[in-house]
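So the structure is just underneath, and the comments pick up after that.
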Amino acid sequence: MAGTTDKLDPNQPLSAADIDHWHAETDVLVIGYGGAGACAALQAHASGAAVTLLELASGSGGTTALAGGQIYLGGGTPIQQACGFEDSVEAMEAYVRTAAGHHTDDSRVQAYCRDSLEHYDWLVSQGVVFNPQFYGGKHTNTPEYQSLAYSGNEKGHAEQQLSQPAPRAHKPKAHWEEGGATLMATLTAAIAATDIDVHFDTRALTLICEGDTVVGLMVRQDGEQRAWRARQGVVLCCGGFIMNRDMVARYAPRLVDGTPIGSPGDNGSGILMGMGAGAAAINMHEGFVSVIWYPSGEFCKGVFVNEQGNRFINEDCYHSRGAHHCLNQSNRKVYMVVDSDIYTEPPMYSAAQVVEVAETFADLERDAGFAEGSLSATMDTYNRYAEQGQDPLFHKSEEWLRPLNKPPYALLDFSIDSGIYYPSFTFGGLETSIDGEVQTPTGQTIKGLYAAGRTTAGLPRTAEGYASGMSIGDATYFGRRAGRAAAAR
Ligand SMILES: Cc1cc2nc3c(=O)[nH]c(=O)nc-3n(C[C@H](O)[C@H](O)[C@H](O)COP(=O)(O)OP(=O)(O)OC[C@H]3O[C@@H](n4cnc5c(N)ncnc54)[C@H](O)[C@@H]3O)c2cc1C
């Protein structure tokens, strides 16, 4: 079999009996050199295993290196303390559990939060530097070198009933959106200081099984197919599937019209390989989605309405929650009402177009084609309460609450079909134990097969509850657990 150039289906594992030549052998074979794979390899190596890391690109990084690099950590990290914030494991756990909503995997939430301080220390021990500076503005990432920020709905009305809010997004010390690249450069240097065997330009094609146990992998390398044997385990850390448009159309059709963000490696191959070996893939319909109306925070003072002229969200919520609700409105039509005080040139990413301008809400309603009395009633109610510093319908915080009473008024189009930027990536993937052991649909463990990061259904489960940092936090922490478990097998 080895040495041919036959096209293999990732969903069809090979039988070890058909392999006439093993190209190489190792203890733990990690596939994918992004955040999850780097951490799996480092932890498996630290546990005493011989580790080989295979990556289809010509360098390390994956989507992790393209990311802003925020990592969701808490419970009282040294950075939180240095910036004067109190946090506890209990508060973090209550928040993260709410964030996952009814999709929650409680054992995963518990492990992640209870080990958060240990994971912080481990990242620092690998060379990751965090800068003890807090950024408090309304933004998608810290705009300069600050390492700490609020990154989700921690200060939301419902969330505050459950736990004390604390900023938990920890960005490695780096300028603006360079946190992910800095993180990966650091982890790559840590790996280079070990004898982990790294191969680039090497694409995993399909798993190799001996009975019901995964024992290796067929790869394409140097233009030929080669079989690699893994004595203890194969760890799939191949990212998600947002770049595989057929898979998105099939499993996550809600994301089809969004703008896919990620590396070309997010092609679903890890998930397909796992499914081929009998794994369950869960939460496949869910994904991160965003529409960006801040920075600046001025538009948080605006009012989102649907085509019925009704409000549907507190406009100071995290952008992913906002986008989730925008996509839930009828015909996915959403607009923002602003007055002349808060209108600025559309913020840096979104460039929402002005569709109507008028001197009164009644005129705006008529000219934009809303039903008579709909939009104007919404705005009258909003303004009446805002004058009293209240938002009884959606609980926008006082920080962003003010009546819109400075005409002219404008209506901005935030509908997905307006061409506005709706970045998206997938949350669904292989079902695993918290130690990365891949599970079948009936809950059996597939021997020899592990997975972590966006190849799995991990910690982040919904756009509605998502906070920046939950993906890299999940990939790095559960990557370590998967690597350790594979090494111990
Ligand atoms: C612009 C942007 C900003 C983001 N910002 C943040 C943020 O601030 N915080 C946060 O938590 N999340 C953020 N995310 C999401 C986050 O970056 C990812 O979800 C996370 O990094 C995924 O890590 P991973 O290790 O699972 O995958 P990756 O980092 O993508 O690694 C997977 C690797 O596997 C390789 N691979 C794939 N298939 C194969 C194969 N068959 N054979 C060999 N190799 C293969 C890929 O080439 C890739 O290198 C952001 C995403 C984007 C796109």
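Tabulated results
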read-out	value
Taking the chain and dividing mean pair separation by its residue count, relative contact order in percent (alpha carbons under 8 Å, at least six apart)	23
Packing-based order for 332-344, 279-291, using average beta carbon neighbours within 10 Å, highest first	279-291, 332-344
Rel. contact order, % - alpha carbon contacts under 8 angstrom, at least six apart, the stretch 297-418	36
When each of LYS155/LYS406; LYS171/LYS396; LYS138/LYS396; LYS138/LYS173; LYS138/LYS171 is checked by Cα-Cα distance, pairs over 24 Å	LYS155/LYS406; LYS171/LYS396
Stokes-Einstein D (µm²/s) once Rh is taken as the Kirkwood radius of the chain over alpha-carbon pairs, at 4 °C in 1.567 mPa s	55
Qualifying GluC sites (Glu not before Pro) for the stretch 318-368 [loop in DSSP, other Cβ within 10 Å: at most 11]	GLU359
Descending semi-axes in whole angstrom, ellipsoid equivalent of the stretch 1-151, from the Cα gyration tensor	38, 18, 16
Segments 232-239, 132-139, 181-188 sorted - mean Cβ within 10 Å per residue, highest first	232-239, 181-188, 132-139
Which of CYS113, CYS83 has the fewest Cβ neighbours within 10 Å, and the rest in rising order	CYS83, CYS113
Ratio Rg/Rh [Cα only; Rh per Kirkwood] for the stretch 122-269	1.06
The chain: angle of helix 179-192 to the longest principal axis, Cα-based, in degrees nearest 10	10
Ranked packing of 454-465, 240-251, 312-323, most packed first, by mean Cβ within 10 Å	454-465, 312-323, 240-251
All-pairs alpha carbon distance profile, the stretch 297-418, 5 Å steps from 0, percent	2, 12, 24, 27, 23, 12, 1, 0
Which of GLY59, PRO78, LEU14, positive extreme of dipole for the stretch 1-152 (C-beta unit charges)	PRO78
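Values in this text are rule-based calculations from the coordinates and carry no lab data. It should be emphasised that the depicted structure is a prediction, and the values quoted were computed from it without experimental measurement. Virtual Cβ from ideal backbone geometry, glycine too; neighbours counted across all protein chains shown.
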